[in-house]
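Chemist: The structure's right below; bear with me while I get my questions together.
What follows is calculated from the coordinates using simple rules that are stated; it is not laboratory data. What you see is a predicted model, and the numbers here were worked out from it, not measured in a lab. Neighbour counts are summed over all protein chains in view; Cβ atoms, including those assigned to glycine, are modelled from backbone coordinates with ideal geometry.
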Amino acid sequence: MMPERSALVIEDRSERAREIARILEHGGYLVFVARTVEEAERLARDERPNLALLAMARESLDPGRVIKSLKRQRGVAGVPVILILDEFLEDLVASALRAGAVDHLTWPVDAEELLRRAGVHARLKEDESAVAKSLGRYEKHFGLKNVGLFFTTRAGELLECNDALAEMLGYDNKEELLHSNVEETIYLNPEERSRFREAVEKRGVVKDFRVTFRSRTGEPLTILISGQVVRDDEGEVIGYRGENVQLQEPEPHAPKKGLLARLLPHLSGGYHSLFSASELLGHRYEKEERLGMGSFGEVWKVRDMAKDPPEVLVAKIPLSKKFNARFEKEARILISLAGHPGVPEIRKVIEVKGRSVLVQGFVEGKTLFDVIERELSAQEVESVMIQLTDVTAHAHRIGVIHRDIKPGNIMVRPDGTIKLMDFGAAKELRDKTSSDTVIGSRPYMSPEQIMGRSQRRSDVWALGVVMYVLYTGMFPFYHEVEKVLMDMILEVTPSRPSKFNKEIDPEMERVIMKCMEKNPEDRYRDAGALKEELINKFPGYGKVILPLY
């Protein structure tokens with residue numbers, strides 16, 4: 001039967017190597033013997049031993065250097081190393097322990113003592129591997145997208161992490177990081193890890209501690225770590241965890257105790273730590289929550305850590321560098337529209353890993369799509385529409401068409417004011433009166449927009465569709481098959497709003513139908529003309545801004 005445990009003996013004297021191997025084999029170990037540092041590195045990589053015994057006799061040999069070299073080998077960063085010396089030398093032992101050795105003996109060794117110590121350290125290694133496998137079953141919890149989670153031993157071996165950490169550091173998958181030493185792989189300056197641990201042990205809780213991580217390509221990343229001490233039932237410090245990291249058992253009837261607090265009391269060998277790491281975009285903005293994901297980028301709620309207290313903002317991040325021009329154009333458009341209360345505020349454009357990231361003011365509220373889950377009163381509809389036509393008219397005056405006006409892109413604040421969001425599809429007309437790109441959301445697209453010829457009147461069509469939906473609760477055109485929907489928009493005359501809302505004012509019905517004329521020339525020339533019509537036909541229209549929730 002194959003022994004359950006394996007050991008690597010590093011010894012350049014054949015007789016002593018055979019003696020150490022004999023003791024270990026008698027104790028049930030599968031033994032590999034290396035007579036050079038290079039051979040030890042190869043065996044460590046290929047065989048993944050549970051334990052290593054370093055007994056080389058060369059006076060010039062620095063055991064600390066050998067141990068560091070050994071622990072750099074992929075997959076064996078946490079292998080326990082026991083140093084065997086001809087005689088006790090304080091500097092050599094200190095060097096070895098600093099480098100990660102777990103124990104030392106002097107020759108000649110007592111066979112039973114060697115097996116006892118080897119057994120203890122091999123068992124600790126097995127316990128840690130079992131924890132890593134256990135943590136792997138909590139993939140649901142390690143699937144957090146906004147923070148990187150990683151579980152380490154006191155010595156710094158990374159036992160488990162989530163995909164978010166690997167992505168943050170530029171790795172293809174987390175397996176490339178597992179079992180590496182975090183001081184060599186993750187931290188740009190290993191001393192920062194020591195300072196963080198000291199701060200946590202001294203204060204009990206540390207919030208937003210700044211450290212610098214190293215990406216796979218060597219690029220420095222500014223990271224915030226928050227942590228607090230974890231104690232066992234007797235009050236002894238057994239490790240620490242990232243603040244607010246509460247991993248729970250996935251089973252419905254599991255106890256409420258946090259995963260780390262449950263695991264740590266059963267582990268020996270010092271601290272084990274579960275950390276949460278948040279990357280600072282541009283060394284300043286902390287990701288807090290992902291708000292949305294699209295074809296070109298993602299939107300995050302972030303905190304500006306340069307402010308005290310931190311200010312909540314929004315970061316729009318391209319999925320790839322190839323979308324930079326699109327995001328830079330959106331920033332340029334927002335700057336040109338600045339000053340209008342219905343336009344989101346652009347703060348700055350920063351470069352993060354070669355991508356142009358837009359930092360905008362955070363708009364608290366709900367989308368109009370969420371608000372209209374209930375039927376709005378006529379006054380509430382007016383409150384929305386007068387603001388929406390006004391901000392669109394502002395854009396049209398400057399020569400910008402939005403091209404994606406829909407309830408999901410209209411943010412309603414608690415006081416009832418609105419902001420027209422997501423100018424990513426917007427177009428600067430400059431000297432032209434139309435755009436030749438097909439873009440937008442199908443149920444709100446005009447016939448000419450489907451044909452790739454957007455213009456100001458295309459936004460008027462979308463405003464008409466929004467009005468139709470608000471006044472009737474129905475789409476003028478809808479079909480689950482996209483091709484059929486587009487054919488309907490191009491060819492079918494929509495039902496009049498009065499079919500679904502018997503109380504709608506006939507003049508309002510006429511306005512809505514004019515917005516959705518198939519021929520752009522038969523519509524209002526722009527949103528400003530639509531707004532003027534609403535005010536002239538309906539005195540006091542939208543004069544009162546009403547909270548909608």
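Chemist: Would you mind ranking Arg326, Arg496 so that the residue whose beta carbon has the fewest other beta carbons within 10 Å leads the list? Walk me through the numbers before you get to the answer.
Modeler: On the way: Arg326 14, Arg496 17.
In order of increasing Cβ crowding within 10 Å: Arg326, Arg496.
Chemist: Hey, another quick one. Contact order normalised by length for the range 351-502, with contacts defined as Cα pairs under 8 Å and 6 or more residues apart; what percent is it?
Modeler: 20 percent
Chemist: By average Cβ neighbour count within 10 Å, what is the ranking of 152-162, 511-521, 42-52 from highest down? If you can, show how the numbers build up before the last one.
Modeler: Values: 152-162: 22.2, 511-521: 17.6, 42-52: 19.5.
Averaged packing, sorted descending, gives the order 152-162, 42-52, 511-521.
Chemist: On a straight-distance basis, which lysines could pair with Lys71 in a cross-link, Cα separation under 16 angstrom, same-chain partners fewer than 8 positions away excluded?
Modeler: Those lysines meeting the cut-off are Lys125.
Chemist: Which peptide among 398-405, 348-355 comes first, and what is the full order, when sorted by highest mean count of other Cβ atoms within 10 Å?
Modeler: Answer by packing, highest mean first, reads 398-405, 348-355.
Chemist: For the pairs Lys287/Lys406; Lys316/Lys366; Lys366/Lys427, note any where the Cα-Cα span goes beyond 20 Å.
Modeler: Too far apart for the 20 Å limit: Lys287/Lys406; Lys366/Lys427.
Chemist: List the pairs from Lys483/Lys514; Lys207/Lys301; Lys307/Lys543; Lys483/Lys537; Lys174/Lys202; Lys301/Lys531 whose alpha-carbon separation is above 28 Å, in the order I gave them.
Modeler: The answer is Lys307/Lys543; Lys483/Lys537; Lys174/Lys202; Lys301/Lys531.
Chemist: Quick one: which of 105-116, 275-286, 22-33 comes out on top by average Cβ neighbours within 10 Å, and what's the full order, highest first?
Modeler: 275-286, 22-33, 105-116
Chemist: Shifting gears a bit: Compute the length gained on full extension between Tyr478 and Ser495: take 0.36 nm times their separation in residues and subtract their Cα-Cα distance, giving the result in nm to one decimal.
Modeler: Here the segment from Tyr478 to Ser495 would lengthen by 4.9 nm.
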